[in-house]
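*Asks:* Before I ask anything, here is the structure I am working with.
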Protein chains: 2
Amino acid sequence: MAARSFAQQERLDWLRLIRSENVGPITFYQLLARFGTAQAALEALPELAKRGGRERPIRIPSRAAAERELAALEAVGGRLLCRDEPGYPATLRAVEDAPPVLMLRGHAHLLERRMIGIVGARNASASGRRFARELAAALGEAELVVVSGLARGIDASAHEGALAHGTVAVMAGGVDIVYPEENRELYGAVVAQGLAVSEMPPGTEPQGRHFPRRNRIISGLCLGLVVVEAAARSGSLITARFAADQGREVFAVPGSPLDPRCKGTNALIRDGAHLTESAADVLAVLEGMGRPPLGEEPPESAAPPAPEPAPSELERARRRVLEALGPTPVPVDELLRQTHLSPAVVAMVLLELELAGRLERHPGHRVSLLS
Amino acid sequence: MAARSFAQQERLDWLRLIRSENVGPITFYQLLARFGTAQAALEALPELAKRGGRERPIRIPSRAAAERELAALEAVGGRLLCRDEPGYPATLRAVEDAPPVLMLRGHAHLLERRMIGIVGARNASASGRRFARELAAALGEAELVVVSGLARGIDASAHEGALAHGTVAVMAGGVDIVYPEENRELYGAVVAQGLAVSEMPPGTEPQGRHFPRRNRIISGLCLGLVVVEAAARSGSLITARFAADQGREVFAVPGSPLDPRCKGTNALIRDGAHLTESAADVLAVLEGMGRPPLGEEPPESAAPPAPEPAPSELERARRRVLEALGPTPVPVDELLRQTHLSPAVVAMVLLELELAGRLERHPGHRVSLLS
């Protein structure tokens, strides 16, 4: 099924569902696959959470609350874009935990172009910042849209270099919340000539846990990610890992072993990232990759709703899954082998536990019980 | 045949043969293979050159001249070491064009230890020099002997860092000729605590063409070569190519793309050199390699003399080889196919032409005619 325009009602349902307690993107798409629409999923949520063992009712934003969020977004000139609507970038849609809703402020059409991420150290050297600025300008010149995180240092320089060609800033907090404050002027220029993007409600102040979530959007939007200066164990390396996991090309700029800001990029090169000294190095790799296939792949949520397992069967399954689970993450496949249950039944039980706040999902399709 | 001690007569013959006109190391070993001893080769030289088409007699140093060279070497406290003598390093002996004679000044026993080359830019940055010094000290600490070229910049820093552990300087000119002058004090320290090595006669002032020849000795002595800062198309890259051709490990230190002194090292990493940030990176690669197998492999020159082809056969062969040769280098294998001659006959004809100054040898067993 190709992307289709949403009625305002459906858009509000998507927003309510992703803002519901214990619903992350993966749970969101599982609910959509099972119940067909966000509206039907919203109706099923309280019962599912209860069956998962939750005592207090699960918190679901009211329709009025969703309308207020949308109004706040529109008040700053922003608009909402759902994953299955036209204009949602195909590269990001291909990511398992793509944001169900994006909040956009600026020139949304930039999302339909080929994108390249440039990220790096906040305490970047003068030469690192200069390199990022020139690289971004050259890649913009080559009609790539430069994506970054509007952080201090490399991020800011990348946006500056790419401004004239259109650049995308992915915000860790609300699409209207500038962080750090020193980038307020740059933010204004990005919104005027480029695009700011966030999955968080307007007005949200960014917190530590938001940054890795933000980084997966940066890498998810892009064909490739260039890391310019990054210390060992830095946020840029997390973004690079997302990029690699998402099948994106990873580029890294080498630097002196005596500069701790280059430990991370040198390690990436050692691990197979493309050694990058100029825009030409990036373009040579991306050359054969063509434009992203916008709207060609049917989104997974378009599958017809699966039949609900019988209550007695679910009850037995719940016991067996709970017995097999513990605080150590186990692969879902192993859970299937141990419990001799059908994938649909195990998926339903895990969904219930997750909505009840008792289950945690881990990379590599692994799950663990929260105590 | 294991390495054996030479009588003074044989040492003088080797010296005379390698100092003869148109005799390079490869020709030297071919002559030795054909005639069994340097003495027999010296006797055959005039006739071979004449058959190759030479009109003036080929210049061969007298025994007295060789004695004078040896005396000059001994006057500066140096000594001669021939390729087939004990103590000649096995790694260098394995190289096709290993120097038949080495002139040594200092602690010759260092040649029996595991060696690592460190080379790089003459106009090195302060941080590049510091890195080279610290790397050399750490590798010396790990009982590797650091080899370099006593040039300005990285070379000098590598020797300085390794001095206390013993270091080997390979000289482009005579073993007693310091170049550049600013390294005179360092040279004194190297000779006192380490070793200076050259294949050139004492007193030879280094010329441009000597440096690539010197570089092949640096890489030939070592298990691996570390390049610290090198511009594009620099001498250090030539040494790295020798190292790769000789089957040595190549290590390169990354650097900023904005520093032209790092273009060469970054290119090496792109081409597969080990990205190197510390001595640990070098040691990890060399760990499994063990000590060089000193004196285990029989040198090629120990083969019995081959029978001389009949004069009439050689005459026909000479015409056919000359017809097949031109100014464009051709592989010797192709020459064999085109002429339908035996390898021994073609080798003999090529040797004659070379001694006559009419043939040039190229990498990859290719030859061309000099006009």
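*Asks:* Measure out, as a whole number of angstrom, how far apart the alpha-carbon centroids of the stretch B:165-192 and the stretch A:195-274 sit.
*Replies:* About 47 Å separates the Cα centre of the stretch B:165-192 from the one of the stretch A:195-274.
*Asks:* Using the 7 Å Cα-to-Cβ label point, sort the distances from A:GLU313 to its equivalents in the other copies shortest first and give them in nm to one decimal.
*Replies:* Shortest to longest, the spacings are 8.9 nm.
*Asks:* Oh, and also: Run through every distinct alpha carbon pair of the stretch A:33-129 and return the Kirkwood hydrodynamic radius in angstroms, one decimal place. Before the final figure, lay out each step's value.
*Replies:* Values: mean 1/r = 0.0583 Å⁻¹.
17.2 Å is the Kirkwood radius here.
*Asks:* Continuing with the same structure: Taking A:LYS50 as the anchor, which aspartates and glutamates have their alpha carbon closer than 18 Å to its alpha carbon, excluding any fewer than eight residues away along the same chain?
*Replies:* A:LYS50 reaches A:GLU21, A:GLU308, A:GLU313, A:GLU315, A:GLU352, A:GLU354, A:GLU360.
*Asks:* Rounded to whole Å and ordered largest first, report the semi-axes of the equivalent ellipsoid of the stretch A:2-73 derived from its Cα gyration tensor (root of 5λ). Please report the intermediate quantities before stating the final value.
*Replies:* Details: eigenvalues 89, 50, 17 Å².
Computed over the stretch A:2-73, the values are 21, 16, 9 Å.
*Asks:* For the residue pair B:ARG184 and A:ALA94, what label-to-label distance in nm results when each label sits 7 Å from Cα along the Cα-to-beta-carbon direction?
*Replies:* That separation, rounded to one decimal, is 6.7 nm.
*Asks:* May I pose another question? Restricting to DSSP H runs of at least four residues, report the calculated mean residue ellipticity at 222 nm for chain A, -39500 (n - 2.57) per run over all residues, nearest 500 deg cm²/dmol.
*Replies:* Numbers: 15 runs with 162 residues, N = 371.
About -13000 deg cm²/dmol.
*Asks:* Okay, next question. Counting only other chains, and only Cβ atoms inside 10 Å, what mean value do you get across the residues of A:126-134?
*Replies:* Details: counts 0, 4, 2, 0, 1, 3, 0, 0, 2.
What the average comes to for A:126-134 is 1.
*Asks:* Report the dimensions of the protein assembly as shown along its three principal axes from the alpha-carbon atoms, largest first, rounded to Å.
*Replies:* So the three principal-axis extents are 108, 53, 49 Å.
*Asks:* Quick one: among A:VAL147, A:VAL332, A:VAL23, which has the greatest mean-square fluctuation in a GNM of chain A with alpha-carbon springs under 10 angstrom?
*Replies:* Answer for the Gaussian network model of chain A: A:VAL332.
*Asks:* Over 19 Å apart: what share of the alpha carbon pairs of the stretch A:120-235 falls there, rounded to a whole percent?
*Replies:* Numbers: 2636 of 6670 pairs.
It works out to 40 percent of all Cα pairs.
*Asks:* So, in nm, how far is label A:SER278 from label A:ALA344 when the simple model puts each one 7 Å beyond its Cα toward the Cβ?
*Replies:* 5.9 nm
*Asks:* Here is a further query. Take chain B, connect every pair of alpha-carbon atoms lying under 10 Å apart with a spring to form a Gaussian network, then pick out the residue of B:ALA132, B:ALA75, B:ALA49 with the largest mean-square fluctuation.
*Replies:* B:ALA75
*Asks:* Moving on. Residues in the stretch A:85-116 near a label at A:ALA72, defined as backbone nitrogen under 19 Å from the 7 Å Cα→Cβ point?
*Replies:* Backbone N within reach: A:100-106.
*Asks:* Here's something else I'd like to know. Hey, what did chain B get for relative contact order, percent, Cα under 8 Å, at least 6 apart? Please list the in-between numbers first.
*Replies:* Values: 721 pairs, mean separation 68.9, N = 371.
Across chain B, relative contact order equals 19 percent.
*Asks:* Next question. What whole number of Å gives the distance from the Cα centroid of the stretch A:19-57 to the Cα centroid of the stretch B:80-125?
*Replies:* 74 Å
*Asks:* Once you have the Kirkwood Rh of chain B from its Cα pairs, apply Stokes-Einstein at 4 °C and 1.567 mPa s and quote D in µm²/s.
*Replies:* Calculated translational D: 60 µm²/s.
*Asks:* What distance in nm separates the two pseudo spin-label positions at B:GLU287 and A:ALA7, each 7 Å out from Cα along the beta-carbon direction?
*Replies:* Between B:GLU287 and A:ALA7, the label points sit 6.6 nm apart.
*Asks:* So how long is each side of the stretch A:113-166 along the principal axes, counting just the alpha-carbon atoms, biggest first, in Å?
*Replies:* Projected onto its principal axes, the Cα set of the stretch A:113-166 covers 30, 18, 14 Å.
*Asks:* Another one. Looking at the axis that maps chain A onto chain B, which chain A residue has the closest Cβ, and how far off is it in Å, rounded to a whole number?
*Replies:* A:PRO254, 2
*Asks:* Let me ask something additional. Starting from the stretch A:93-149, pick out the GluC sites (Glu not before Pro) whose DSSP state is loop and whose Cβ has at most 16 other Cβ atoms within 10 Å.
*Replies:* On the way: sites: A:GLU96, A:GLU112, A:GLU134, A:GLU141, A:GLU143; in loops: A:GLU96, A:GLU143.
Of the GluC sites (Glu not before Pro), the ones in loops of the stretch A:93-149 whose Cβ has at most 16 other Cβ atoms within 10 Å are A:GLU96, A:GLU143.
*Asks:* Note the distances from A:PRO260 to each other copy's matching label point, with points 7 Å along the Cα-to-beta-carbon direction, in nm, sorted shortest first.
*Replies:* Sorted ascending, the copy-to-copy spacings read 3.3 nm.
*Asks:* If you don't mind, another one. Tell me which residues come under 5 Å, amide H to amide H, from B:MET115 once H is placed; ignore anything under 5 positions away on its chain.
*Replies:* B:VAL145, B:LEU223
*Asks:* Also: Just to confirm the numbers: A:HIS365, label point 7 angstrom along the Cα-Cβ line, distances to the other copies in nm, shortest first?
*Replies:* From this label point to the equivalent ones elsewhere in the assembly: 5.3 nm.
Bear in mind that the values in this text are calculations on the coordinates, not laboratory data. Keep in mind it's a predicted model, so treat the numbers as computed, not measured. Neighbour counts run over all protein chains shown; Cβ positions are idealised from the backbone, glycine included.
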